[in-house]
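The values are calculated or read from the model by the stated rules, or taken from the named source; none is laboratory data. On a predicted model such as this, the values are computed, not experimentally measured, just so you know. Cβ sites come from the backbone with ideal geometry, for glycine too, and all protein chains shown count toward neighbours.
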Amino acid sequence: MTLYPQIKYEKYIREYVDISCSTVIEGDSYITLQKLPDNFVQCVVTSPPYWGLRDYGIDGQIGLEAQMQQYINNLLSVFREVRRVLLPTGVLWLNIGDGYTSGNRGYRAVDKKNPARAMSIRPETPSGLKPKDLLGIPWRLAFALQADGWYLRSDIIWNKPNAMPESVKDRPTRSHEYIFMFTKSEKYYYDSVSVREDNRNRRTVWNVNTSPFPEAHFATFPPKLVIPCVLSSSKEKEFILDPFFGSGTVGEVAQKNGRKFIGIELNPEYIAIAKKRLQPDITQFLKVVGE
Ligand SMILES: C[S@@+](CC[C@H](N)C(=O)[O-])C[C@H]1O[C@@H](n2cnc3c(N)ncnc32)[C@H](O)[C@@H]1O
């Protein structure tokens, strides 16, 4: 018995593909992006897998690298391709989570409520760090992207008023994540008026409750977090990209606001979840095969 409905792909991509309407592509984000044209996406909103946190159960997934630097290098390669497909006026909103070194624990036991959190491996403590150190991945990645040519325009604190309690007594409970705003050029599109709050320019701390999407067993974007990114950095009919599409939240927000989107996701089960959320008549489904 298959848990998810069969996905009907309109086309199997081997080579370059020109995109004209909203599209979900099953494939590895780095390989898939290489098949897309230059300069056609206006805005990117995405949340890559965090390092060493979760096994999405599929070959080729990012996040299970043995070394932290390998993980950062893999993301750098993906975002170099993202920059190529982005228009010169384009903006990238990147949500990225942090974690702690594992100390001496070799693996994470199965969480009965959330089997995806079981890890067969747990990365070693990176050299230079100690057991219990905060990894600092968001800023390490931000500096690496900046050095790679991106303009780092803002860090946003995503404050989660409903953050999960933690069983720690030797530090505060973590209740925020970072969202970085990067641009391809010095001058870019940003409609500050569309995202004003309390009659003034939007601030850098955004209070948004986490809101799990019922069928997805992984962290999904609350739509409220995505909306200001899409509204401020694109106009109607323009393309929004999410190279780590998951359950398709970015696609849903794009559609509701009259934008087109490209979603790339490796796991066909998640694409099936996304398919149910998206308007079928205006969305095409493609799959990357071979290399
Ligand atoms: C944090 S989740 C994104 C969730 C998404 N923002 C949502 O709202 O549902 C990260 C996603 O990246 C996918 N992924 C991991 N490695 C990938 C790769 N190499 N290429 C494409 N997708 C990948 C995972 O399957 C997972 O769905």
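Being within 16 Å of the chain's Cα centre (by Cα) and not charged (D, E, K, R): is that true of SER20 here?
no
Can you name every residue in the range 213-244 that is within 14 Å of the ligand (Cβ to nearest atom) and touching a strand residue (DSSP E or B) at 6+ places or on another chain (Cβ under 7 Å)?
Across the range 213-244, the qualifying residues are HIS217, LEU225, VAL226, CYS229, VAL230, ILE240, LEU241, ASP242, PRO243, PHE244.
For the range 12-35, name all the residues that are assigned to a helix (DSSP H, G or I) and either more than 13 Å from the ligand (Cβ to nearest atom) or surrounded by fewer than 21 Cβ atoms within 10 Å (Cβ to Cβ) (or both).
The answer is TYR30, ILE31.
Kindly provide the set of residues from the range 65-98 that are within 9 Å of the ligand (Cβ to nearest atom) and among the hydrophobic types (A, V, I, L, M, F, W, C), ordered by number.
Across the range 65-98, the qualifying residue is only VAL78.
Can you pull out every residue in the range 254-284 that is within 15 Å of the ligand (Cβ to nearest atom), farther than 13 Å from SER29 by Cα and part of a strand (DSSP E or B)?
Correct list: PHE261 only.
Considering the range 52-97 alone, what residues qualify as being within 16 Å of ILE31 (Cβ to Cβ) and of a type in the set (Asp, Glu)?
Listed by number, the residues that qualify are ASP59, GLU81.
What single numbered condition from (1) within 9 Å of the ligand (Cβ to nearest atom); (2) touching a Pro at 6+ places or on another chain (Cβ under 8 Å); (3) assigned to a loop (DSSP other than H, G, I, E, B) fails to hold for THR210?
With (1) within 9 Å of the ligand (Cβ to nearest atom); (2) touching a Pro at 6+ places or on another chain (Cβ under 8 Å); (3) assigned to a loop (DSSP other than H, G, I, E, B) applied to THR210, the lone miss is (1).
Filter the range 65-84 for residues that are surrounded by fewer than 22 Cβ atoms within 10 Å (Cβ to Cβ) and under 16 Å from LEU135 (Cα atoms) and give the result.
GLU65, ALA66, GLN67, GLN69, GLN70, ILE72, ASN73
Residue-by-condition table, conditions (1) farther than 28 Å from ARG80 by Cβ; (2) at pLDDT below 95; (3) part of a loop (DSSP other than H, G, I, E, B); (4) in contact with a helix residue (DSSP H, G or I) (Cβ under 9 Å, 6 or more places away or on another chain):
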site	(1), (2), (3), (4)
THR173	yes, no, yes, no
GLU186	no, no, yes, no
ALA219	no, yes, yes, no
ILE227	no, no, no, yes
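Taking the residues in the range 106-124 that are at pLDDT 55 or above and more than 29 Å from PHE182 (Cβ to Cβ) as candidates, determine which candidate is surrounded by the most Cβ atoms within 10 Å (Cβ to Cβ).
Going through the qualifying residues, I end up with ARG122.
Condition check: within 13 Å of the ligand (Cβ to nearest atom), free of Cβ contacts under 8 Å to residues at least 60 places away in the same chain and not aromatic (Phe, Trp, Tyr). Does ASP59 satisfy that?
yes
Just checking, which of TYR9, TYR50 is within 9 Å of the ligand (Cβ to nearest atom) and in contact with a strand residue (DSSP E or B) (Cβ under 8 Å, 6 or more places away or on another chain)?
TYR50
Taking the residues in the range 167-188 that are acidic (Asp, Glu) and surrounded by fewer than 16 Cβ atoms within 10 Å (Cβ to Cβ) as candidates, determine which candidate is nearest to PRO88 (Cα to Cα).
Step by step, filter the range 167-188, then rank; the result is GLU186.
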